[in-house]
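Enquirer: The structure under discussion is supplied below as structure tokens; questions concerning it will follow.
The values are calculated or read from the model by the stated rules, or taken from the named source; none is laboratory data. This one's a predicted model, so the numbers in the text were calculated from it and none came from an experiment. Glycine gets a Cβ as well: all are built from the backbone with ideal geometry, and neighbour counts include every protein chain shown.
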Amino acid sequence: MSPAIGATLNRVDGRFKVRGESRYSAEVSVPNLTHAVVVNAKIASGRITSIDTTEAERAEGVLAVFTHRNLNRVATVPRLLPSLAGLAAPGQTFFPMQDETIHYGGQPVAIVVADTIERADHAGTLIRIEYETRPPITLVDQAREQAYVPERIFGGLLPGHGSRGDVAKALAEAEVCVDATFRFAPNHHNPIEPGASTAVWDDVDRLTVYDSTQGPSAVQFTLAELLGLPPISIRVVSHAVGGSFGSKAMVWHHPALAALAARQVGRPVRLVLTREQMFTSCGHREEQEQRITIGAGADGRITALRHHKLSLTSPFDDWAEPSLQSAAVAYVNPNYEGIYHLVRGNTITPTFMRAPGEASGMFALECAMDELAERIGIDPLELRMRNYSDTDPESGKPWSSSGLRECFQRAAELFGWHDRDPRPGSRREGQWLIGSGLASALYPVTQPVNPQRARARLYNDGTAVIEAGVSEFGTGVFTAMTQVAADALGLPPERVRFVGGSSDLPNITAAVGSAGTSAVGSAVHLAACELRDQLIRRAVGDDHSPLHGSDPSRVEVRDGKMVLRDRPDVGETYADLMHRTMTPDVEVLGTWNPPPQDAGYGVHTFGAQMAEVAVDADLGVVRVRRMVGVFAPGRVLNRKTAHSQLMGGMLWGLGQALLEATRMDPRMGRWANASLADYLVPVNADAPDVVVDTVEMPDEKVNPIGIKGVGEIGVVGAAAAIANAVHHATGRRQYELPITLEKLL
Ligand code: MOS
């Protein structure tokens, strides 16, 4: 690979972003624009008995007020299918404002459209709504006895339970047994840019929606079904996205509500969710508890693992974030049982949130592993090594690549792990109890279900445009794609431009589950390679080319010039060939067919996390002092953006460990802290010394560019390393996240 891959290339969109020139979905300039404001249910369960919009309709600047009585119905609500399928991907199978029933707090009940957002907002306060209220269920504890085991979860993609061997027998016979139950507060994504849609009907059946999304094509297909239109009638554009973290992975109601309202008022409609609405409109990480039971021999070798999860889902969908996938395969374990239990409550359907599933599932496993190490009296790092599995314990197939051992070795060096005194409470600096902890990081390598496409076009001046329908939601994917294409074409990155952010471009699955860059990158790579090879074939077949008659496999491209590999003085540039043959441009569509899910290997991404904390002995305050994360994500396309992703993930883990919690008020069935002032996330003052490193192991079994993804793995294990460090500092195990100070008093 040329230096373009792996190099630190600054974000190609960085200049636009820092100069305020990026156009977000709520900033696109559209003539004749109107503004919509959604009014939300004040109750969490019941029905609307009366709704009076007279005063709102009379308010200044108001064009229309919609409720379930006059908003046009949606045609069909598509099945819940993760956006990975490349099909319609609604966040839930319930669509609001179709009747008077209220299923959850914050459910949309009215939309006001006015000439300014302020007037729409004001008119919304003039709507009078009466409800008949039923007591809501919003906490697991309120409905524990109604728990059921779903047949499938996650839009049907994953089974609700799984097992191998005989877990009950193995646990009964185990020499050592750790049994622990962990509780997790609900979490919200809180991207800086809220959900936002601008809907413009060009004609009665031609719709353009500017939408803040992780998957423009997913929005296109979802709107097509909701509105009863063919996909050709809908264009979804997402020029820039101000963060997402899973909140924009599935398609929620606001783009469809904006489109419905726009069609009825006959003018373009802009709908921007408020910060508070972000807590009830785009899903969240559900409240959950997980019980882990590990059986092991006296030498620490795991003989059995039981992993049960209980979580709250909506009245409509069997959603659980898949917390049992990585824990099931992290270590040798011949006897296994994993079961999801769900209780239905008055909530929107939960959704993907960064490191969906594994942020919680691996927390439970890795804290239990720390306890096992303590019980057996061995170093927690040694315990991981003793139980390392060369093969996927579920399928018995070898890993496509692993790197777990290398990651731990490197992390231990960077952290100074081996200098540690293992006794809890053994280190004190004045008021502060100091401790360190570690955890394995694992995250599944998710393959898209459908073929992925990208287009590559080379112009006769030797510049290239690469196109695919991905959006840039902060991962640096446009930059990485510039590098992948430059590498394959043999061009410097500054002569390549990547264009994404529209459903008119070749279809790419929504970027979820750390699979975004590998999906689009594989298609871009194949398109660019085929384009390069076409030009090489043309050159060797052309009498006038210095390469005439050469073996195409001996030709490579350097800086836009096709040359013989062993005689780089012989050759010609793309531009010369194209000018001579009167070719303005050449274009290729590349298609990547992802490997089947049952290929001959197990696929997972691995890493190692270490953390050092200081706990105030009197006040219980936990400060994270240092974090080290080393990951083996396959090939690294861009050191800077990849390390930034991983570091951001680790800081998410810090937030999960110590700060993040959305608090439910069960009397009202509403979130009590739905604001950035009350929902705590780490800020720079909380961010310790964070060291990120990667062990590069290109994995060409998973895809042609050899990458496994960096979006989620940085989160996984970070909170467990911190919780284990808190135990090491204080001698007190932590079974509930976040670890707020009262838990240490
Ligand atoms: Mo990502 S949280 O799987 O959208």
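Enquirer: Quick one: count up the residues across region 600-629 that are assigned to a loop (DSSP other than H, G, I, E, B), small (Gly, Ala, Ser) and under 27 Å from the mean Cα position of the chain (by Cα). Walk me through it before giving the result.
Expert: The initial filter retains those residues of region 600-629 that are assigned to a loop (DSSP other than H, G, I, E, B), namely 600-601, 603, 617-621.
Filter once more, so that each one left must be small (Gly, Ala, Ser): 600, 617, 620.
When the remaining residues are screened for being under 27 Å from the mean Cα position of the chain (by Cα), the result is 600.
Qualifying residue count, region 600-629: 1.
Enquirer: Can you pull out the strands (runs of 3 or more DSSP E) entirely within region 415-473 that have at least 1 residues that are under 30 Å from Asp699 (Cβ atoms), in contact (Cβ under 8 Å) with a residue 40 or more places away in the chain and not aliphatic (A, V, I, L, M)? Outline the logic, then answer.
Expert: On the way: elements: 427-429, 432-444, 452-459, 464-467.
Hits in region 415-473: 432-444, 452-459.
Enquirer: Counting only residues that are within 15 Å of the ligand (Cβ to nearest atom) and charged (D, E, K, R), which one in region 348-390 is surrounded by the most Cβ atoms within 10 Å (Cβ to Cβ)?
Expert: Of the residues in region 348-390, the ones within 15 Å of the ligand (Cβ to nearest atom) are 349-362.
Checking which are charged (D, E, K, R) leaves us with 354, 358.
Details: Arg354: 24, Glu358: 28.
Only one residue tops the list, namely Glu358.
Enquirer: Now a separate question. Only one residue in Val613, Val570, Val563 is out of contact with any Lys or Arg (no Cβ under 7 Å at 6 or more places or on another chain) and surrounded by 21 or more Cβ atoms within 10 Å (Cβ to Cβ). Which one? Even if it seems obvious, please write down each step before you answer.
Expert: Numbers: Val613 fails: out of contact with any Lys or Arg (no Cβ under 7 Å at 6 or more places or on another chain); Val570 fails: surrounded by 21 or more Cβ atoms within 10 Å (Cβ to Cβ).
Residue meeting the stated conditions: Val563.
Enquirer: Consider region 74-116. How many of its residues are polar (S, T, N, Q), within 26 Å of the chain's Cα centre (by Cα) and surrounded by fewer than 19 Cβ atoms within 10 Å (Cβ to Cβ)?
Expert: Start the filter on region 74-116 by keeping residues that are polar (S, T, N, Q), which leaves 76, 83, 92-93, 98, 101, 107, 116.
Those left that are additionally within 26 Å of the chain's Cα centre (by Cα): 83, 92-93, 107.
The next check asks that each one be surrounded by fewer than 19 Cβ atoms within 10 Å (Cβ to Cβ); those that pass are 93.
Looking only at that region, the number is 1.
Enquirer: Looking at (1) among the hydrophobic types (A, V, I, L, M, F, W, C); (2) more than 16 Å from the ligand (Cβ to nearest atom); (3) in contact with a Phe, Trp or Tyr (Cβ under 9 Å, 6 or more places away or on another chain), find the lone condition where Val726 falls short.
Expert: Only one criterion in (1) among the hydrophobic types (A, V, I, L, M, F, W, C); (2) more than 16 Å from the ligand (Cβ to nearest atom); (3) in contact with a Phe, Trp or Tyr (Cβ under 9 Å, 6 or more places away or on another chain) is unmet by Val726, namely (3).
Enquirer: Right, next: Of the conditions (1) surrounded by fewer than 22 Cβ atoms within 10 Å (Cβ to Cβ); (2) in contact with a helix residue (DSSP H, G or I) (Cβ under 7 Å, 6 or more places away or on another chain), Val622 satisfies every one except a single condition; which number is it?
Expert: All conditions are met except number (1).
Enquirer: From the residues in region 500-513 that are hydroxyl-bearing (Ser, Thr, Tyr) and touching a Ser or Thr at 6+ places or on another chain (Cβ under 7 Å), which one is nearest to the ligand (Cβ to nearest atom)?
Expert: Step one: filter region 500-513 for residues hydroxyl-bearing (Ser, Thr, Tyr), giving 502-503, 509.
Narrowing further to those that are touching a Ser or Thr at 6+ places or on another chain (Cβ under 7 Å): 503, 509.
On the way: Ser503: 18, Thr509: 11 Å.
Looking at residues that are hydroxyl-bearing (Ser, Thr, Tyr) and touching a Ser or Thr at 6+ places or on another chain (Cβ under 7 Å), I get Thr509.
Enquirer: Then there's this: Can you give me the ranges of the strands (runs of 3 or more DSSP E) entirely in region 165-234 with at least 3 residues that are in contact with a Leu (Cβ under 8 Å, 6 or more places away or on another chain) and either in contact (Cβ under 8 Å) with a residue 40 or more places away in the chain or surrounded by fewer than 20 Cβ atoms within 10 Å (Cβ to Cβ) (or both)? I'd like the intermediate steps shown before the answer.
Expert: Numbers: elements: 176-184, 196-203, 206-211.
Filter on region 165-234 gives 176-184, 196-203.
Enquirer: Quick check on my filter: what residues within region 340-357 are hydroxyl-bearing (Ser, Thr, Tyr) and not in a loop (DSSP other than H, G, I, E, B)? Give the steps one after another, and end with the answer.
Expert: Of all residues in region 340-357, those hydroxyl-bearing (Ser, Thr, Tyr) come to 340, 347, 349, 351.
Hit for region 340-357 is Tyr340, nothing else.
Enquirer: Something else: Which residues, taken from region 235-245, are near the ligand (Cβ under 8 Å from one of its atoms) and either part of a strand (DSSP E or B) or touching an Asp or Glu at 6+ places or on another chain (Cβ under 9 Å) (or both)?
Expert: To start, the set of residues in region 235-245 that are near the ligand (Cβ under 8 Å from one of its atoms) comprises 244-245.
Answer for region 235-245, where residues must be near the ligand (Cβ under 8 Å from one of its atoms) and either part of a strand (DSSP E or B) or touching an Asp or Glu at 6+ places or on another chain (Cβ under 9 Å) (or both): just Ser244.
Enquirer: Taking into account only those residues within region 120-149 that are loosely packed, with under 14 Cβ neighbours inside 10 Å and polar (S, T, N, Q), which is farthest from Ile294 (Cα to Cα)?
Expert: The qualifying residue farthest from Ile294 (Cα to Cα) is Thr125.
Enquirer: Only one of Arg532, Arg497, Arg538 is away from the ligand (no atom under 16 Å from the Cβ) and either outside any helix (DSSP H, G or I) or in contact with a His (Cβ under 7 Å, 6 or more places away or on another chain) (or both); which?
Expert: Details: Arg532 fails: either outside any helix (DSSP H, G or I) or in contact with a His (Cβ under 7 Å, 6 or more places away or on another chain) (or both); Arg538 fails: either outside any helix (DSSP H, G or I) or in contact with a His (Cβ under 7 Å, 6 or more places away or on another chain) (or both).
Of the residues listed, the single one that is away from the ligand (no atom under 16 Å from the Cβ) and either outside any helix (DSSP H, G or I) or in contact with a His (Cβ under 7 Å, 6 or more places away or on another chain) (or both) is Arg497.
Enquirer: Taking region 416-462 only, how many residues are within 30 Å of Leu619 (Cβ to Cβ) and either among the basic types (Lys, Arg) or within 28 Å of the chain's Cα centre (by Cα) (or both)? Reasoning before the result, please.
Expert: Let us first name the residues in region 416-462 that are within 30 Å of Leu619 (Cβ to Cβ), namely 416-417, 419-439.
So of that shortlist, the ones also either among the basic types (Lys, Arg) or within 28 Å of the chain's Cα centre (by Cα) (or both) come out as 420, 423, 427-428, 437-439.
The total comes to 7.
Enquirer: Could you tell me whether region 458-477 includes any residue that is away from the ligand (no atom under 16 Å from the Cβ), under 22 Å from Met250 (Cα atoms) and surrounded by 24 or more Cβ atoms within 10 Å (Cβ to Cβ)?
Expert: If we filter region 458-477 for residues that are away from the ligand (no atom under 16 Å from the Cβ), which is where we start, we get 458-469.
Pick out the ones that are also under 22 Å from Met250 (Cα atoms) and you get 468-469.
Adding the requirement that they be surrounded by 24 or more Cβ atoms within 10 Å (Cβ to Cβ) leaves 468-469.
Among the residues of region 458-477, at least one is away from the ligand (no atom under 16 Å from the Cβ), under 22 Å from Met250 (Cα atoms) and surrounded by 24 or more Cβ atoms within 10 Å (Cβ to Cβ), which makes the answer yes.
Enquirer: Next question. Being surrounded by fewer than 19 Cβ atoms within 10 Å (Cβ to Cβ) and either of a type in the set (Val, Ile, Thr) or within 16 Å of the ligand (Cβ to nearest atom) (or both) is the filter here; which residues of region 150-164 pass it?
Expert: Step one: list which residues in region 150-164 are surrounded by fewer than 19 Cβ atoms within 10 Å (Cβ to Cβ), which gives 151-152, 156-159, 161-164.
Passing the criteria: Leu157, Leu158.
Enquirer: Another question, then. Just checking, which of Ala261, Ala224 is out of contact with any Ser or Thr (no Cβ under 8 Å at 6 or more places or on another chain), within 21 Å of Met97 (Cα to Cα), more than 16 Å from the ligand (Cβ to nearest atom) and not basic (Lys, Arg)?
Expert: Values: Ala224 fails: out of contact with any Ser or Thr (no Cβ under 8 Å at 6 or more places or on another chain).
Result of the check over Ala261, Ala224: Ala261.
Enquirer: Taking the condition at pLDDT 95 or above and either crowded, with 21+ Cβ neighbours inside 10 Å or part of a loop (DSSP other than H, G, I, E, B) (or both), does Ser401 pass?
Expert: Values: at pLDDT 95 or above: yes; either crowded, with 21+ Cβ neighbours inside 10 Å or part of a loop (DSSP other than H, G, I, E, B) (or both): yes.
For Ser401, the condition - at pLDDT 95 or above and either crowded, with 21+ Cβ neighbours inside 10 Å or part of a loop (DSSP other than H, G, I, E, B) (or both) - is met.
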